[in-house]
Each structure stands twice: as C-alpha cells, then as structure tokens.
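Every number in this text was worked out from the coordinates using simple rules, so none of it is lab data. The structure displayed is predicted, hence computed values, not measured ones. Cβ atoms come from the backbone with ideal geometry, glycine included; neighbour counts cover every protein chain shown.
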Amino acid sequence: MSHEVVRRIVANVESAVLGKHQTVKLSVVALLAGGHVLLEDAPGLGKTSLARALAKTLGCGFVRMQFTPDLLPSDILGASVYKPATGEFEFRRGPIFTNVLLADEINRTTPRNQSALLEAMSERQVSVEGVTHLLSSPFLVIATQNPFEFEGTYPLPENQLDRFMMCLSVGYPDRKSEMEILLKHRDGQPVDSLTAVTNSEQVLDLQKQVQAIKVDKSLAEYMLELTTRTRSHSELTLGVSTRGVLTLYRAAQALAFLEGRSYVIPDDIKEVALPVLAHRVVCRGVLREGHRQRASQVLKTLLDSVAVPS
C-alpha cells in the first residue's frame, strides 16, 4: 500500500512536469529520505514547476521566496514585533514555517542569508533572539540556481552545499515531451489543476518506513570504500564528509523503498551516488563552471573501480 502511495506521488508530479522522470523520481527519493534538493539549470526548464507540483501533490504548505541581495535573515525566519496594546513582543513567523520552501535563485542572496537556512535544514528548527522555534513537519527545501550566470551571485559554500541531499539538473525535454508541454499549456498551467494524493501525516509515515529498509553490512562497506577513496584522490582537494556517507545511505534506502523493495541493492547506491556526492567534493584546479561535470567524471571512475559486493 505504501509503495502504491509513492507511485501515485511520482505519477501526479509527472503529469504536470513532463519529460523529467529521473529528476522527479530523485526529488521524491530526497523527500522520502528527509533531505533537501538543489536544482541547478538554466531558467525556463521547469524548476519552479517541479517544486509547486510536488507541494500540491503532497497536500502540504508551500512558499516561494525570491532570494535577492537586499534580503534580510528576518525576512526568512521571522522577527519579534512590539504590541503596544499588551506592551509585549510577539514573534511573527517568517516564510520558512512551511512544509515545502522554494528558495528561488539562492545564490543571489548574501552569505548571511544563506547561513540563516543552515540550522533549519539540519535541525528542523530556527533560533531567533535566543528562542528556538520548531518547524513544520515534513520540511523540504528546494533551492534553485543558474550555474551559467555568475554576475552578482554568491557561490554556496561547502557547508551549505553539504546540507542538500541531492543536486539535480532538470535539462531540456526531448522533442516529443516538449510538444506535449506545448499542447498541455494551451489551457493554462498544468500545475494549477493538480490535486493532492497524500497528506503531511502520510508523508511522515513513509519517511519512518524508509528508515526500516535493510542495508546489508557488505553494502555499507561498499559505500564507505567509495567515499573514503574520495578523500585521498589525486584530483580532489576535498572528499566526502561523514554526513555525505550517511546521506548516501539514506538515499539508497529511499530509492529501494520507492522501487517497492524492503532491502537495498548495489544498483540503488550507484543510481543515487552522483546526485548525492558530486556537489560534496572539490576538484583540484577546475573552474567553477566546469566543477560539477568534472566531479561527476571522477566519481564515475571511482564507481567503476570499487568492487561491488556479490
């Protein structure tokens, strides 16, 4: 029954975001594993539509924030407002108190604002003026950035990138899908007509079930061997952190769950390895615009070189 719910989630999102099966599938994997997603691609390829479609499918709260240089942390988290009638301060929640937060063009805001998301993404809480406020559950950040435009941007530091479970590229649709998009948009945005197929409580239950997916010790050793080799690779100045290994573990569990299995197989690890790990390593002597591509090439070589458990 749980697997059927997940299949409905994927199918519902795909009915509005056409020709992006792998991106939709991996976004749902991140949701099931309790992670966050960074979408990197040129404008107009469906990043915002994907976030909106996922939120509507889940029947959860959704907020889109346009990240700009003049944004303040209080614009994201909220702030205390003085109430003359009572003589007291009242905390007014910011946009981050939602289930699905679309952080649009996250690299266009200052590092101060980017860091305001760190606690929220890691701990599912925010601290304002010494008081801790719990966020809604489930909580998913989908951030977007254009990797081809660098004027007036603030590159995400490694500690911020490490908070994203996956970094995904949307890409151009094939010709058949693009024609279908043209025809579907004659009557408006397909996302607007989506209805929810689940709810917050059911999503939280699915996330708990993912944690129970079995991972054989040999597969855990395989993941450790793969990530350990990134730390001594001649072409990498920064390897995968312990958080990265744990994230790979959770993502593999979520993919196995989505595929209807109660256990992880090597192909699960291989399928999520690049989206989970490529943005966590730093290549030696590679310009920013070519970094992700080179990182993926290095990781593909490692995947081919590490023996897969039988």
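Details
- Extended-chain gain in nm, criterion 0.36 nm per residue less alpha-carbon gap, Leu134 and Asp192: 17.9 nm
- Between Thr228 and Ser15, the FRET efficiency from the beta-carbon distance, with R0 = 41 Å, is close to 0.50.
- Length gained on full extension, Leu183 to Arg124: 17.2 nm, using 0.36 nm per residue less the C-alpha separation.
- Taking Cβ atoms as reference points and 14 Å as the exclusive limit, the residues near Leu77 contribute a net charge of 0, counting Lys and Arg as +1 and Asp and Glu as -1.
- Which listed pairs, of Lys20/Lys176; Lys217/Lys270; Lys184/Lys270, have C-alpha distances above 24 Å, in listed order: Lys184/Lys270
- Sorting the segments 184-196, 30-42 by their mean number of nearby beta carbons within 10 angstrom, highest to lowest, gives 30-42, 184-196.
- Neighbour-count order for Ile142, Ile265, Ile96, fewest beta carbons within 10 angstrom listed first: Ile265, Ile96, Ile142
- About the centre of its Cα atoms, the chain shows a dipole size close to 300 debye [charges on the beta carbon of Lys, Arg (+1) and Asp, Glu (-1) only; nearest 20 debye].
- FRET efficiency for the pair Glu4 and Arg112, taken as 1/(1 + (r/R0)^6) with r the Cβ-Cβ distance and R0 = 35 Å, rounds to 0.20.
- Projected label distance in nm at Thr86 and Asp216, using a 7 Å step from Cα toward the beta-carbon: 5.9
- Footprinting exposure proxy for Glu178, Glu129 (fewest neighbouring C-beta atoms within 10 Å first): Glu129, Glu178
- Share, in percent, of DSSP beta bridges within the chain that are antiparallel, nearest 5: 40
- Taking packing as the residue-averaged number of other Cβ atoms within 10 angstrom, the listed peptides 270-282, 296-308 run from highest to lowest as 270-282, 296-308.
- Antiparallel beta bridges, as assigned by DSSP with both residues in segment 38-125, represent about 55 percent of the total such bridges.
- Scoring 84-93, 104-113, 251-260 by mean Cβ neighbours within 10 Å over their residues and listing the highest first yields 251-260, 104-113, 84-93.
- Dipole check for segment 212-310: with +1 at the C-beta of Lys and Arg, -1 at the C-beta of Asp and Glu, and the Cα centre as origin, the magnitude is about 360 Debye.
- Listed residue (Ala212, Thr242, Ser310) projecting farthest to the positive dipole end of segment 212-310, Cβ model: Thr242
- Potential lengthening between Ala307 and Ala42 on full extension [0.36 nm per residue; Cα-Cα distance subtracted]: 91.8 nm
- Charge dipole of the chain about the Cα centre (unit charges at C-beta), most positive-ward option of Val128, Thr301, Leu118: Thr301
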